[in-house]
Amino acid sequence: MLADDMACNHRNPKPATVFSHKNMELNVYGDDVEVDYRGYEVTVENFLRVLTGRLPPSTPRSKRLLSDDRSNILIYLTGHGGNGFLKFQDSEEISNVELADAFEQMWQKRRYNELLFIIDTCQGASMYERFYSPNIMALASSQVGEDSLSHQPDLAIGVHLMDRYTFYLLEFLEDIHPASKANMNDLFKVCPRSQCVSTPGHRTDLFQRDPGSVLITDFFGSVRKVEITTEAVNLTDPIKQVEERFLRIFQGKLQCRETCLVSDYVPGIAGPKGRALQLYIHHSDYYYVLINLLPIEFP
């Protein structure tokens, strides 16, 4: 979520780029950066809906948080705030109570396994004071009553490029690789008062594991855990048979271009408990991707 499109701002001397250093060494708005919510889409309501999964059915997958009870989630917030609130778009704000209740909804709905919350704003520690849900670890750039200061002034555009805590945290993360053994205790040491001018804080009492045993790569680095089974699972033949069967049924009959229900074309084909099996069509009459392959009976 980006509340302001800095990359395309008319004051940006290098359009389509955002740099974290005045020497312009690292473009943090590279080709692999995806922005799902920008500008006035970034609201408190949309943020809470993404977290809790309460989105309209028409919302695309790219704008959803597709997590479950095995997901480790990182939430990083930066902006203007105060004692118990963070501002959105200078027109509204989210309170620490609203945020705490959203995390509780996520826990009750099994939308996360462990959650790492980081906030870089003035009086940032006030935002995690009301948390009460299990398996949450929280970090903040400043204590209650302290300001969180900016860093790296750029005289060309007349503003600072980044906040101090975010600058030093990014510098720390640049040395983290997928096989790194750095843990959360190392993360807690980032940006001491001598660098941040403010006093960073953290909260671990809700977290079930010892922070020293939690690797940085559990939340950063896109490292996925896998479950290994000793039994062979043959998926090729059954799926191929079903796909061939569907191809014979649907050739010449498809009318839709996006999402079709199988039952709309072949009566009697349905999933468990009478729910129709969904067939997603890939913009062609004959090429498709079958999602949610459910047990079915052909007529």
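Could you list, in sequence order, the residues of segment 23-67 that are among the hydroxyl-bearing types (Ser, Thr, Tyr), surrounded by fewer than 14 Cβ atoms within 10 Å (Cβ to Cβ) and part of a helix (DSSP H, G or I)? Scanning segment 23-67 gives Tyr40, Ser62. Determine which member of the set Phe88, Phe103 is among the aromatic types (Phe, Trp, Tyr), open to solvent by less than 40 Å² (accessible area, probe 1.4 Å) and touching a helix residue (DSSP H, G or I) at 6+ places or on another chain (Cβ under 7 Å). Among Phe88, Phe103, only Phe88 is among the aromatic types (Phe, Trp, Tyr), open to solvent by less than 40 Å² (accessible area, probe 1.4 Å) and touching a helix residue (DSSP H, G or I) at 6+ places or on another chain (Cβ under 7 Å). Being without any contact (Cβ under 8 Å) to a residue 24 or more places away in the chain and closer than 21 Å to Met137 by Cβ is a condition met by no residue of segment 42-49.
Anything in segment 179-192 that is exposed (fewer than 15 other Cβ atoms within 10 Å of the Cβ) and part of a loop (DSSP other than H, G, I, E, B)? List them, or say none. Answer for segment 179-192, where residues must be exposed (fewer than 15 other Cβ atoms within 10 Å of the Cβ) and part of a loop (DSSP other than H, G, I, E, B): Ala179, Lys181, Lys189, Pro192.
Yes or no: Arg70 surrounded by 15 or more Cβ atoms within 10 Å (Cβ to Cβ), out of contact with any His (no Cβ under 9 Å at 6 or more places or on another chain), more than 21 Å from Val35 (Cα to Cα) and not β-branched (Val, Ile, Thr)? Here the answer is no, as Arg70 does not meet what is asked. If we scan segment 152-166, do we find a residue that is open to solvent by 40 Å² or more (accessible area, probe 1.4 Å), free of Cβ contacts under 8 Å to residues at least 60 places away in the same chain, farther than 28 Å from Thr17 by Cβ and not polar (S, T, N, Q)? No, the conditions are met nowhere in segment 152-166.
Restricting attention to segment 135-178, and to residues there that are β-branched (Val, Ile, Thr) and not in a helix (DSSP H, G or I), which single residue is nearest to Arg11 (Cα to Cα)?
Among those that are β-branched (Val, Ile, Thr) and not in a helix (DSSP H, G or I), it is Ile157.
Considering (1) at pLDDT 95 or above; (2) over 17 Å from the mean Cα position of the chain (by Cα); (3) farther than 15 Å from Ala140 by Cβ; (4) buried (at least 17 other Cβ atoms within 10 Å of the Cβ), the lone condition that Gly124 does not fulfil carries the number (3).
In segment 203-224 there is no residue that is surrounded by 15 or more Cβ atoms within 10 Å (Cβ to Cβ) and under 21 Å from His21 (Cα atoms). The numbered conditions (1) touching a residue at least 24 places away in the same chain (Cβ under 8 Å); (2) surrounded by fewer than 20 Cβ atoms within 10 Å (Cβ to Cβ); (3) of a type in the set (Gly, Ala, Ser) are all true for Ser198 except (2). Looking only at residues in segment 8-60 that are under 16 Å from the mean Cα position of the chain (by Cα) and of a type in the set (Phe, Trp, Tyr), the one that is modelled with the lowest pLDDT is Tyr37.
The values are calculated or read from the model by the stated rules, or taken from the named source; none is laboratory data. Please read all numbers here as calculations on a predicted model, not as lab measurements. Every residue, glycine as well, gets a Cβ built from its backbone with ideal geometry; the counts of neighbours run over all protein chains shown. Just so you know, the surface numbers come from the protein's heavy atoms only, side chains and all, with ligands and any DNA or RNA stripped out. Shrake-Rupley method; radii C 1.70, N 1.55, O 1.52, S 1.80 Å.
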